[in-house]
Each structure stands twice: as C-alpha cells, then as structure tokens.
Amino acid sequence: MTTAAVVLAAGRGIRFNSELPKVLHEAAGRPLLGWVLRALPNVDRVVVVVGHGSPAVRAVAAEWGPDEVVVVEQAQQRGTGHALRLAADALDGIDTVLVVPGDTPLLDEPLLAGLLDRHASSGAAVTLLTATPADPTGYGRIRRDEGGNIVGIVEHRDADVAELAIREVNTSVYAFQIGPLRTALERLTTHNEQGEEYLTDVVGALVSAGVHAVQAPAEVADGVNDRVQLAAMAALLRRRILHDLMVAGVTVVDPATTYVDAGVRIDADVVLLPGTHLQGGTQVASGAVIGPDSRLVDTVVERDAQISYSVLLDARVGAGASVGPFAYLRQGVRLAAGAKVGTFVEVKNSTVGEGSKVPHLSYIGDASIGKGANIGAATVTANWDGYDKHRTVIGDGARIGSDTMLVAPVAVGDGAYTGAGSVITSDVPPGALAVERAQQRIVEGYAERRRRRHET
C-alpha cells in the first residue's frame, strides 16, 4: 500500500492582520508548517498545497519537508475541498491519503501513524481524527446517528442549535482511500454560507462506503487562527520541550520563565536559571550553567561553561569559560577553554585564547587574542577607519593596561605590555613595553585661583 500526506497550507490567516502567511508564523522557534511537516509519519510522498505568500511557503516546505516534497499552487482560495482536489493530480499511484492542516503544531508522528494503522485495518473509505475540547466553538461538529455511526460533519457556521450542542469535533485530519476520495471531490459544491468547497462534505458523501473515527487528545484540535492562539500554542509547545529536557536530566529552575526553542540541543546536567532564552540552533554541553536572564541564539556552549546576564549571538564558548554578567558576544566570537569575558564587555568577530581574560568595560572587535593574555579595563580595539575593518592581534601572555586604545591594524607580541592610558598605533615587539601618554604636569594652587576668579 502506498501512502501520501497532503498538507493544506494555502490560507492567509486574516485574523492575524499580517502579510505573513499564517503557517509561517513561528511558535517555539519553528514555523507552524514546520511543526506539521516534522510530525508526518513515514509516507511515500508529501504534497503541500500553497496559496497566499506561496514563494515563502514553498521555501519553508523545502526546508522542513522531505527532499522530494511536491508543492501544488492554489491560486484562488476556494476552500479545503478545492485545495485537496487540486492536490489530487499529484497523487497518481497512491492508495491512501493522509490530509492534515498546516496550522496544527500539536500533531505528532505516533498519533498520525496510529491513524493510518487504524484506517488500514478498518477498511473504511475515510477515517477521521476527532477530539472533544472543552470549548468546541468554531469547529465542525461530528454528526452521528442513534447507533453512534458517523453520518457527516457540519461546519460551525452552518450548524443549527442542536448541532452546536455537539461536543465532538473534527480536527481536520483525515485518512482517505484514494478511489472514493477522487469521486467525492468531483461532486463537491459551494452551497454553504462561505461559498466554498468544504472538505467536510466529502465525509458525508462517503458514509455508505464506511466512515470511522479515532479519538485524539482534546488539545490536538487546537489550530492557530490569531496571535492570541499563537501565543497560547507556543506556551504549550515550550512546556512540552522543557518537560522532555527535565526528564532527560536538565535542571530547569523555573520553567515559567525559561524559553527553549525546538531546535536547541541540551545535554544532561546542564542548569538553566530563570530568565534563560535559548534560540535557533544553540547547543549546550553537560555541566554548563546558563542564566539568569541570558539570551543565546545559534550559540555553542561547551562543558562546564558559565553564562550570566548576557546576550550571545552565533558565538562559541569553550569548556570552563565564563561570560558575564552583562556581556554581549556578537557574531563570530570564539572563546577558548577557560577564557573569561566579564562585566560590560562587548566582543565581535574575535577569538579569545585559552585562559585569557577580558574582565570588564571593554570593546574587542575583529581581534585575535592568544593564550593567557589579560586585557585591562576600558580597553578598546579601534577596528574601523570609516571605510574598512582592520584586525588587532594580541599575543600569548600579553598584558594590556587599563584604558588602552589599540588602533588597528596593530599587533602586540607575546608577553608584551602596554601602559595604562596609551593609544597604540604601531606594533609592539614580544616582551616589550609600549607607553604612549603625555608627561604629567602639576599646577600648584590651581583650585584656589579658579575659586577666586569665579567669585569676582
């Protein structure tokens, strides 16, 4: 038996009040469509129906779907039935079709695989995934006869008072036999309040061929139709992520204030303190302590490193290194093992060697710092001349005095020193001391004379 999955992702999402297609809005670091595509079980073909914002949706489908994902364009959004009818041309050679909406990120692979298994064993023309949420408002209701058999689905807008009282709802997830499906799709009409081809009408048309249902947890019915629902869905997804991390051995001190994206990888025995935000492809190794109040994006943190009250973007923090409090590591920063970047330090596109320290109040940009160096307070690498960036090289064991200005391109050799308050514009040889400052002058009686001038 060959199986295809069709993901319906053509809608605009009017209630979002956004130019961005609904399925591209993110929850817990992943587009809604990405969550759905990653939840699909192993099938022979994946088809994504796109419409509003199709170039961007195509790109996301290619990123999160399988290598051979098929994309079908629904130029005019005329309903879910119309969307599946357009997709039918891409289903030649397929026996069973799994249909899922592109805005239901709580679906998971075991649930969808179970639906396909039940459908295969039932011999039904269609098997529905249904749920019984606390509030069924807005969902299509499952109509059953006195014997409990499904006889159709009525959309909320078209339901009468008795039908609105039904609690069991359609999740818009279906498994179809391809032959009966094709026949029913060709017979769809637009005789309803919205003037669209409802996919739910297919179910009614297939009653005589057999309609079965599988009950899902109530939350699975939740789609995302506006930003309020998006926020609620993201919170639920984050709770799932944190639950799985804690079960796997990660300490999350306060889950209510800890945010971890779906793409983040964290080893056991990591500690996440309150206010931690881990985003993108961040990776954290065992023994590291992150937080409080720190944000890491696409950053790698090696074993036993510590980061507090800091922001790191596309950085790499070596084993046992420390960052913060109140540090900012921008793109291209690499800290070797045991390095330290301390309080109110900004580092960009630079390497800090093993055991080297930039303790406080400094800007290090486009620099290479060797092993065991110490960078004094208020040091600045002046890396931009108004047109081009230039590099500063600081050797192993160098000592940069407080308030040193290093005007790139410039190199400070191994074991060299710079005097506090110096502006270094020429290379410093290894082991040398570079001092650039005017001779101090003492003017006796200055304060008294200034006071008298002010009084007269």
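Coordinate-derived values only; no laboratory data. What you are looking at is a predicted structure, and each value in this text was computed from that prediction instead of being measured. Here Cβ is always computed from backbone atoms with ideal geometry, including for glycine, and neighbour counts include all displayed protein chains.
For this structure, a couple of remarks:
- Residue count for the stretch 137-167, restricted to those that are under 22 Å from Val224 (Cβ atoms) and touching a residue at least 40 places away in the same chain (Cβ under 8 Å): 6.
- Taking the criterion of being surrounded by 21 or more Cβ atoms within 10 Å (Cβ to Cβ) and either outside any loop (DSSP other than H, G, I, E, B) or within 24 Å of the chain's Cα centre (by Cα) (or both), the residues of the stretch 331-350 that qualify are Val333, Leu335, Lys340, Val341, Val347.
- Members of the stretch 246-272 found to be over 17 Å from Asp108 (Cβ atoms) and part of a helix (DSSP H, G or I), listed by number: Met246, Pro255, Ala256, Thr257
- Failed item, numbered, when Leu236 is tested on (1) in a helix (DSSP H, G or I); (2) touching a His at 6+ places or on another chain (Cβ under 8 Å): (2)
- Scanning the stretch 386-395 for residues that are closer than 19 Å to Ser362 by Cβ and assigned to a loop (DSSP other than H, G, I, E, B) yields His390, Arg391, Gly395.
- Hits in the stretch 353-385 (condition: part of a loop (DSSP other than H, G, I, E, B) and among the aliphatic types (A, V, I, L, M)): Leu361, Ala373, Ala377, Ala378
- The listed residue being among the small types (Gly, Ala, Ser) and in contact with a strand residue (DSSP E or B) (Cβ under 7 Å, 6 or more places away or on another chain), out of Ala416, Ala447, Ala420, Ala432: Ala416
- Check on Ile142, in contact with a helix residue (DSSP H, G or I) (Cβ under 6 Å, 6 or more places away or on another chain), hydrophobic (A, V, I, L, M, F, W, C) and assigned to a strand (DSSP E or B): no
- All positions within the stretch 381-397 that are of a type outside the set (Asp, Glu) and under 34 Å from the mean Cα position of the chain (by Cα): Thr381, Asn383, Trp384, Lys389, His390, Arg391
- Of Ala75, Ala62, all but one fail to be among the aliphatic types (A, V, I, L, M), within 22 Å of the chain's Cα centre (by Cα) and either within 19 Å of Val97 (Cα to Cα) or surrounded by fewer than 20 Cβ atoms within 10 Å (Cβ to Cβ) (or both); the exception is Ala62.
- Hey, Tyr328 crowded, with 19+ Cβ neighbours inside 10 Å, among the aromatic types (Phe, Trp, Tyr) and either within 15 Å of Val345 (Cα to Cα) or in contact with a Pro (Cβ under 9 Å, 6 or more places away or on another chain) (or both) or not: yes
- Gly445 being among the small types (Gly, Ala, Ser) and exposed (fewer than 13 other Cβ atoms within 10 Å of the Cβ): yes
- Residue satisfying all of: in the stretch 167-195; polar (S, T, N, Q) and within 39 Å of the chain's Cα centre (by Cα); nearest to Ala4 (Cα to Cα) among these: Gln177
- Scanning the stretch 398-443 for residues that are within 45 Å of the chain's Cα centre (by Cα), of a type in the set (Val, Ile, Thr) and in a strand (DSSP E or B) gives Ile400, Val407, Val410, Val412, Thr418, Val423, Ile424.
- The single residue among Ala216, Ala221 that is within 30 Å of the chain's Cα centre (by Cα), surrounded by 19 or more Cβ atoms within 10 Å (Cβ to Cβ), within 25 Å of Ile178 (Cβ to Cβ) and of a type outside the set (Val, Ile, Thr) turns out to be Ala216.
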